[in-house]
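Bear in mind that the values in this text are calculations on the coordinates, not laboratory data. On a predicted model such as this, the values are computed, not experimentally measured, just so you know. With ideal geometry, Cβ positions are generated from the backbone for all residues, glycine too; neighbour counts draw on all protein chains shown.
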Amino acid sequence: MSNVTMKVNGKPVSGEVEGRTLLSSFLREGLEMTGTHIGCDTSQCGACVVHVNGQAVKSCTMFALEAEGAEVTTIEGMANPDGSLSVLQQAFQDHHGLQCGFCTPGMVMSAAALLQDNPKPTEAEVRDYLEGNLCRCTGYHNIVKAIMAASGQDVAVAAE
Amino acid sequence: MYDFILERPTSLDAAVALLSDEDAQALGGGQTLIPTLKQRLAQPGRLVSLTAIPGIRGICRAEDGALCIGGTTPHGEVATGATAYPALADLAGNIGDPAVRSRGTIGGSLANNDPSACYPAAALASGATIVTNDRQIAADDYFQGMFTTALEEGEIITEVRFPVPEVANYQKFEQPASRFALVGVFVAKYPDGVRVAVTGASEEGVFRWTEAEAALSANFTADALDGLSAPADGMIGDLHGTPAYRAHLIGVLTKRAVAAAS
């Protein structure tokens, strides 16, 4: 076992982990922050996306020890300081960007990473960016609408 | 996953020393290796992470004009940073998905030499030089078949040098579930000739389509490829495509790459 220290949502945290402990496991089991979901555990579905030093990564495909000293942001860090939903989260609610909600933490984290790099993406750019995030409920249209709305753009999205 | 010790050396020398243990395996971004470990298809006793080593990540231009990419540079950084070589930047920006591109590295991709990976096509078509902790290897000598390279045990890719072509283009026919190339063709035109490298198709891994290179070196137009076809012999056949289908795609994608490049 080794000690790992990082910042999660701005707070310093540390814990004992094995070499093989995944970042997703450390967050969920070590820190009991279960907002980060594990869907496929094979780096396909993107439910486990978090930000590490500002970049979207699949936390099921990174070892906790590789995040030593890093700034990690999870879905628990996305709400406003007063606990109200962020603009992006509120847009998911307003536009029915979720049904069962399982993929939503990863969707929100990927969308946040996109908007950080590209504040006014086109619909095609949104769809392209979500290539690694699978949703089995919505058919994606409402997720795309939510992200377009959160970027302050028209939410009219044509069906493909 | 089987248990192992994870090391994060902060110097190249320390990494080389740790990798001298025959039970040790280098870890780049882990986007292939970690899923492999989860499936228990590999059982290293020690994983040596290369991403904490300074000086082997980033993009620069060499004095001879070549684009140099550090071995642990992630795909996303190449996609935005390799502006001197747009076809290479485009290739990097279409590997996997954005989160995979945040972690996966060029050195990891080339060391693994997956027969359907994108980077081997770019390195071979560009006549790139693979620089390791020990030596420099020409791309023509580097790729030695599916998942096989000229790297010795424990040898670390520190940099890849790409001569920048006059024009180039990469066409990837994506296998939509995995986002790997079902077939990918990289065409690069240099003053001394055209190079064409094909990934995803052959059971021997990435290869150069020399007939197309000769035709395109004489006449760099898609029409120059009329009548040429890659043989289906030795092509991969699986539920996604037969050998004949892959061979056909090579011709189609090469034409598309030439049309897009010229």
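Overall form of the protein assembly as shown: oblate. Here a/c, set by the Cα gyration tensor axes a ≥ b ≥ c, is 1.5 or more, and a/b is not larger than b/c. Distance between the 7 Å Cα→Cβ label points at B:D3 and B:V252: 5.1 nm. Spin-label pair B:A218-A:S14: with each label point 7 Å from Cα along the Cα-Cβ axis, the two points sit 7.0 nm from one another. For peptide A:13-24, what's the mean number of Cβ atoms from other chains within 10 Å of each residue's Cβ? What the average comes to for A:13-24 is 3. Quick check: net charge around B:F147, other residues with Cβ under 12 Å of its Cβ, Lys/Arg +1 and Asp/Glu -1? Cβ neighbours under 12 Å give a net charge of -3. Of the Cα atoms belonging to chain B, the radius of gyration and Dmax stand at 18.0, 56 Å. Seen from A:M6, the other residues with C-beta closer than 12 Å to its C-beta sum to a net charge of -1, counting Lys and Arg as +1 and Asp and Glu as -1. Close amide H contacts of B:A128 (hydrogens built in the peptide plane, cut-off under 5 Å, sequence separation of 5 or more or a different chain): B:A139.
In Å, what Kirkwood hydrodynamic radius results for chain A from the alpha-carbon pair distances?
Numbers: mean 1/r = 0.0629 Å⁻¹.
One decimal place: 15.9 Å for the Kirkwood radius.
Could you tell me which of A:F26, A:L85, A:T61 has its Cα farthest along the dipole of chain A towards the positive end, charges placed at Cβ (Lys, Arg +1; Asp, Glu -1), taken about the Cα centre? Ranked along the dipole, the leading option is A:L85. Within the shell of other residues whose beta carbon sits under 14 angstrom from the beta carbon of B:S229, the net charge comes to -1, with Lys and Arg scored +1 and Asp and Glu -1.
Residues whose amide H lies under 5 Å from that of B:V167, counting only those 5 or more places away or on a different chain, are B:K189; hydrogens are built 1.01 Å from N in the peptide plane. What separates the Cα centres of the range A:81-98 and the range B:205-262 is a distance of 49 Å.
Let me spell out the model: positive unit charges on the Cβ of Lys and Arg, negative unit charges on the Cβ of Asp and Glu, origin at the Cα centre of the protein assembly as shown. What dipole size does that give, in debye rounded to 20?
The dipole magnitude comes to about 800 debye.
For the range A:87-153, the Cβ-based charge dipole about the Cα centre amounts to some 160 debye (Lys, Arg positive; Asp, Glu negative; other atoms uncharged).
With a 10 Å cut-off around each Cβ of A:46-58, the average count of Cβ atoms from other chains is 4.
With the cut-off at 18 Å, report for the range B:1-119 the share of all Cα pairs above it, as a whole percent.
Values: 3764 of 7021 pairs.
Beyond 18 Å sits 54 percent of the P(r) for the range B:1-119.
Whole-percent P(r), the range A:87-153, all Cα pairs, 5 Å bins from 0: 4, 21, 36, 28, 10, 1. Which whole-percent values make up P(r) of the range A:1-83 when all C-alpha to C-alpha distances are grouped in 5 Å steps starting at zero? The percentages, shortest bin first, are 3, 17, 29, 28, 16, 6, 2, 0.
The helix-only estimate of mean residue ellipticity at 222 nm for chain B, built from DSSP H runs of length n ≥ 4 each weighted as -39500 (n - 2.57), is -8000 deg cm²/dmol after division by the residue total. Between B:Q136 and A:A124, the simple spin-label model (points 7 angstrom out along Cα→Cβ) gives 4.0 nm. Here is the size of the range B:167-260 from its Cα atoms: Rg then Dmax, 12.5, 40 Å. Spatial offset of the range A:1-51 relative to the range B:120-179 amounts to 33 Å, using the alpha carbon center of each. Looking at the range A:11-93, the GluC sites (Glu not before Pro) that sit in a DSSP loop and have at most 11 other Cβ atoms within 10 Å of their own Cβ are A:E32. On full extension of the chain, what length is gained from B:H240 through B:T80, given 0.36 nm per residue of separation minus the C-alpha to C-alpha distance? Extra length available between B:H240 and B:T80 comes to 54.5 nm.
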